[in-house]
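The values are calculated or read from the model by the stated rules, or taken from the named source; none is laboratory data. Bear in mind that the values here come from a model prediction, so they are computed numbers and not experimental data. Using ideal geometry, Cβ is built from the backbone for each residue, glycine included, and neighbour counts are taken over all protein chains shown. In case anyone asks, the SASA skips ligands and DNA or RNA and just uses the protein heavy atoms, side chains included. Shrake-Rupley method; radii C 1.70, N 1.55, O 1.52, S 1.80 Å.
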Amino acid sequence: MSEPVLPGLSTDPGLVAALGAAGGFGAGSVGQPVTVADLVALPGVTGVELLGHGDVDAPVRHLVALRGDQVLARAHDRAAPLPALAGAAVLLEDAEAWQREGRDFVLDLALRVAADEGAATVLVPHARPVPVAAALLAERLGVSVLRVAGPEPLRALADLALAVARPDVLHAHALRRAATAITTEQLDLSALLRAVAATLDGVVAVQSGARLLQAERGATAVDQPAFQTVHLRHGGTAYTEISNGRAVAVQPVPLPAEVRERPLLLVAQRRGGGRLWRALALDVLQVARNAVAAWAINRFLVDERERLARARLLQELLAEPDALTPRAQAEAAALGWELDGWHTAVHLRATEGGPVHGATLSVVEDLLRQSGLGAAGLVPQATGAVSWLTAPELAGLPSAVDLAARLDPVLEFLAEEPEGQALTAGLGAARRGPVGLARSIVEARRASVLPVPPGSSSLVRHGLGRRVDRVLALWDLDPLLRQESRTVVEPLLGEPALLATLRAFLDAGGSAAGTARALGVHRNTVRYRLAQIEQRLGVALTEHDTRIALAVALRLTPDAAGQAGTPSTER
Amino acid sequence: MTWQLTGRAVDALALGGLLLGGGGGGDTADDSGSTVPVTVADLAELDPGTRVCAVAQIGAPLIGRERVPAHELRAAVHALAHETGAPFPALVALEIGGQNAATAAAAARQTGLPLLDADLMGRALPRIDQTLLALAGGPVGPVALASPSGHVLTVREAGDEDVEGLTRALLPPLGGRAAAALYPTTVGALRSAGTAGTVRRAVDLGGALLDLRAAGASTDAGYRAGTAGTGTGIGSGTGAASGTGSGATAQVEAALGPLGLRVVARGDVRHVERTGGRVVAAVVGADGVSRLDADTEFHHCTLDGRPVAGVPDVVGVLDARTLHPVLVADLRTGTDVLVYRLPVAAPWYTDAGRALIERGRVGVPA
C-alpha cells in the first residue's frame, strides 16, 4: 500500500525554509504522513477527544476497520488473522454495539491488540464516555485513543479517514475555505481574524512587536486556551513550533518601511495541533497576511489623517477657547469631542526629550483605549502629545490620583518594550467647557516637566491631584461667587501695591514680616499697607475667615489675580 | 453418600454460595433453625424416578436483608406438590450461587425433606429459566410462589418463554421477593443435566476459605449473613494466611486452587461506574490494569487488555483484607481486591449454554 503524503503543501521556498528552520514540518518533512495530533486537531472536525498517553506524533499511515469478533478471536488465539495494524488508525467499527450489548470490555481487548500490533491510534465511535478502566489501560499501554462523539460523528469519521488517506485534499479544502472568508473580510480586523480562527479551529492574533493588538477565536474553539504572545524569531521569517502543548504558527506581516516601525506578526495557536495543522496554519496565515497588511496600512493612514485634523483643531481651541468658530465646533463634534463637558488633560512627553514617535503614538493610543483612557485620541504637539478625558459631570472623571494609577502601567509597559519610547505624563485639573479644557491642557503640559516627587516612582506628574482642586474648580464655575468676589476686592483694583501686599500677606500665612521679605519692603511699609487695605475693604485681616474669603476673592477676580506687586523703594 | 449438613458446614455452605455467586445472588439467607441438621443426599444413591423440585428465594436480594423470614419456603413446596398432584420426597437448590445455597438448606429444614447434593445452575444467574435443566429441554413450570405474609400464587401451563416474565410480574404484589418452588422433575433428569455435587463443592470452597481465615486472626462474623465486608479482617499480617500481605494471592490459590479457584487479578479498586444496570470497575495493581464488567453478577475480567476470566466461569471478587466475597452492589473504590474465577459444569461451555447465559445480561434481548 502506498503511503499517503502531504504533497505540495507549501510551495513558497521561503516558507519551506522557515518550516525547516523551525525544526518541525519543513522541506524534509513534506511527504510525511499525518500524525495522531493532526487527527485530534482537524480543522472543521468537532467531537474528537484524545485519551491515553500515546505518542501523538506517531505517523498514521492508513486506516483499518476492526470488528469485535476479530478482536475477540485474536484475544483468545494469538494466531487468529488480523489486517495489518502497524502504523494504522484502527477504527473499532461496531464499538457502539459492544457497548449496547454489555460487551464493552472488547474495547480493552482491542486496545491490547492495537498496542501489540504497533497501531498508531484507536478510533472509538462512542456516544458515551469511554470507561475509566479503558482510559487507564490506554495510558498504561501507551495507546492513543480518539473517541469520536460530537453532533456529527459520521462526518467526523469521514474527515478523519480523508485526513489519513488524502491529507492534501483536506488541506486544500481548508485553505480554500480560509481564502474565501478572508477575501470577504478585508478591512475589519476582528472579522478577518475570526474567519481565520474558524478555519483553523484555534486562536488567531495580530501582534505589534511583543504586544498583542487583537486576538480572536473560532466559534468552535471555545475550549482553546487564551492566546499567548510569541517572539519574532529566525530572522523575521515564518515558523511553527510546539510550545507547552500548543501548536503555534507565526507569519510576519509584510509592511512598507514608512509604516513598519515595529514588526507586525500574524499568529495562530491551537492546543494539540499536529504537523498537518501547523502546515495548514502557515499557509492560511500566508493568505491572510496581505489582508492584515492592508488593514495595517489603512489604519496607519487613517490614524495619521485623524491626528493631523485633531492637531489643527486643538491649535484653534488653545488660541481662542472662548471664541470657537461654528466650523471648528462642527469639526470637534465630528471628532467626538464634547467640549461642553468636564475635561482632564494628559500631556505625554518623551523622557529623553524630542518628539513622540508616530509609532509610539499608535501604541499609546491602543494602550489608552484598552485602559479606558483614550476617548479623545492623541494629538501630537511640539513638546509631545496631548489627550484628555471628558465626562458630562465632574463625578464622571477620575481623580488625578486614580488617573495616575491607570496611566502608570501603560507608561511602564511602553518603557519596558524593546523598541518602546519612554514617556512621562503630566495631568491637568478637571475643568469644564472649552476654556477649561484649554486651561487643563496648559496645566498638564506644565505638570509633565515637574520633578519626580521624593519617594515616588510614578511616571505621572500632577501638581493638582488633590480633592481641593475640585473645590477650586467648582468655585471657578459659580457666577454669584465670582460677582461677590469682585465686589469684595473692587476697592483695591487699580492699587497694584495694595493687591500685591494682600496676596503676599495671605501667601505668608498672615505674617507681616514674611510679607515684607516676600515683597522686599520694610515691615512698617507692610503694616501701613495692611491698615490701608483693612480700611478700604472694611475688614479685619486678623480674622481667619476674612483671610480665607479674601484668598478666594483674589483667585476668582482675574483683574486682581494677575497684577504683579510693585516693590517699594521706601524703607 | 448421604451426609448431614450441620454445624460449621452450614457456615461453609453460606460462604461457598457467595464464592459461587460471583457477586450476585444476594448474601443474606434465611438461616433460622440453622442448628437443625439437614440431610444431603447424593443423586447417585436415589432412585432416578424420585420426584424432586427446586427451591429458591427470587426477586430483589436486598429485600431479603430487611424481611423477617417465615415459612414461605415450605408453603411454596407444598403448593407445587398440590399443583403437580404428588408430594416431593427431596428438594434441590435452584442456584448454588449467592444466598440461595443457604435458602435451599433452610427449605429442607422447614419441610424436613432431604436436600440433593446438586443445583440447577452451578453458579448464580439472574433468570429462573437459566438452568442446566432448561438447557437440557426440561420445563421450568409450574411455579409456586409464596410470600411471608401467607399469599401463595401458582403459574401454570405457561411456556418456558413466558414463565420468567410472568413470575417476575407477580413479584411486586408479593413484596418484591418470594419463595419459589419450581422445576418439578426427577433425580434421573438432574443426573442427565450434569448438576451433581454442587452442595458439596460449595461447602468445600466455603470451608477452605473459613480455614484460611481462621489461620489468621479473622473472626467468622465477617462473612455471616448480612454483614458483607464488615469482618474484622484476618489480622495485621500476623497469621500465615494474612490477606493484607503480598502473599494473599498465593495463600488463596493454595487453599482454594485444588477446588478449581484461580486468582486472575489483584489490586485496588480505582473507579466504579454504574450506568443503567451495568457496572464497570477499574482495578489497578502491580500486574497491571484490570477491568471488571458486571450487571447482576461479575461477568468478565481483563488484565492489561487480555481476557483472564469470563462467563460461563464464575467471575468473583474477594476483599483481600477480609477475604470476604464482594457483591457487585458492594464494590467500592479504594478496596484492595482479588479477582478470581471458578469453572462451572461442562454444558455451560457449549454454544447453547453460552447463549442461555447471555440471555440474562443487561442489554441482551431475552
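Details
- Per-residue shielding of A:100-113, expressed as the average number of other chain Cβ atoms within 10 Å of the residue Cβ, stands at 6.
- Looking at the range B:46-162, the accessible area is 35 square angstrom per residue; that uses a 1.4 Å probe and ignores ligands, DNA and RNA.
- Once all protein chains are placed together, residue B:303 keeps about 30 Å² accessible to a 1.4 angstrom probe.
- Positive contributions from Lys and Arg (+1) and negative ones from Asp and Glu (-1), summed over other residues with Cβ under 12 Å from the Cβ of residue A:154, come out at -3.
- Shielding by partners for peptide B:296-309, expressed as the average number of C-beta atoms from other protein chains within 10 Å of each residue's C-beta, is 5.
- Note on surface exposure: B:121, B:1 rank B:1, B:121 by accessible area, highest first, 1.4 Å probe.
- Sequentially through the range A:391-399, phi angles give Karplus couplings (6.51, -1.76, 1.60; θ = phi - 60°) of 9, x, 10, 4, 5, x, 9, x, 5 Hz, Gly and Pro residues having no value and appearing as x.
- Exposure of residue A:475 as accessible area (Å², to 10), given a probe of 1.4 Å and all protein chains: 80 Å²
- Largest to smallest accessible area among B:27, A:322 [probe 1.4 Å]: A:322, B:27
- Simple spin-label estimate for residue A:294 and residue A:55 in nanometres, 7 Å along Cα-Cβ: 4.5 nm
- Exposure rank, largest accessible area first [B:200, A:431; 1.4 Å]: B:200, A:431
- Of A:423, A:130, A:95, farthest towards positive along the dipole that unit charges on Lys, Arg, Asp, Glu beta carbons give chain A: A:423
- Taken about its Cα centre, the protein assembly as shown carries a charge dipole of about 2160 debye when Lys and Arg each add +1 at the Cβ and Asp and Glu each add -1 at the Cβ.
- Packing around the peptides B:176-185, A:311-320, taken as the average count of other Cβ atoms within 10 Å per residue, puts them in this order, highest first: B:176-185, A:311-320.
- For residues of A:130-140, the mean tally of beta carbons on other chains within 10 Å: 6
- Degrees between helix A:523-537 axis and first principal axis of chain A (Cα, 0 to 90, nearest 10): 90 degrees
- Counting protein heavy atoms only, the range A:89-138 has 50 percent of its accessible area on carbon and sulfur, 1.4 angstrom probe.
- When +1 charges are put on Lys and Arg Cβ atoms and -1 charges on Asp and Glu Cβ atoms, the dipole computed for the range A:217-368 relative to its Cα centre reaches about 1060 debye.
- Net charge over other residues, Cβ less than 14 angstrom from the Cβ of residue B:281 (K, R count +1; D, E count -1): -4
- Between the Cα long axis of helix A:275-319 and the first principal axis of chain A there is an angle of about 10°, rounded to the nearest 10.
- Whether the protein assembly as shown is rounded, prolate or oblate, judged on the alpha carbon gyration tensor where a/c under 1.5 counts as rounded: prolate
- Angle between chain A longest axis and helix A:106-117 axis [Cα atoms, degrees, rounded to 10]: 80 degrees
- Cut-off 15 Å between beta-carbons: net charge of the residues surrounding residue A:80, Lys and Arg +1, Asp and Glu -1: +1
- Taking 0.36 nm per residue of separation and subtracting the Cα-Cα distance, full extension of the segment from residue A:323 to residue A:303 would add 4.4 nm.
- With N as its number of residues, the range A:37-148 has a Cα radius of gyration that, divided by 2.2 N^0.38 Å, comes to 0.97.
- For residue A:94, the residues whose modelled amide H falls within less than 5 Å of its own, excluding neighbours fewer than 5 places apart on the same chain, are A:68.
- Average accessible surface for chain A: 44 Å² per residue, computed with a 1.4 Å probe over protein heavy atoms with every protein chain in place.
- Protection proxy ranking of B:4-15, A:268-279, A:75-86, A:513-524 - average other beta-carbon atoms within 10 Å, highest first: A:268-279, B:4-15, A:513-524, A:75-86
- Point-charge dipole on Cβ atoms (K/R +1, D/E -1) for chain B, about Cα centre, debye to 20: 380 debye
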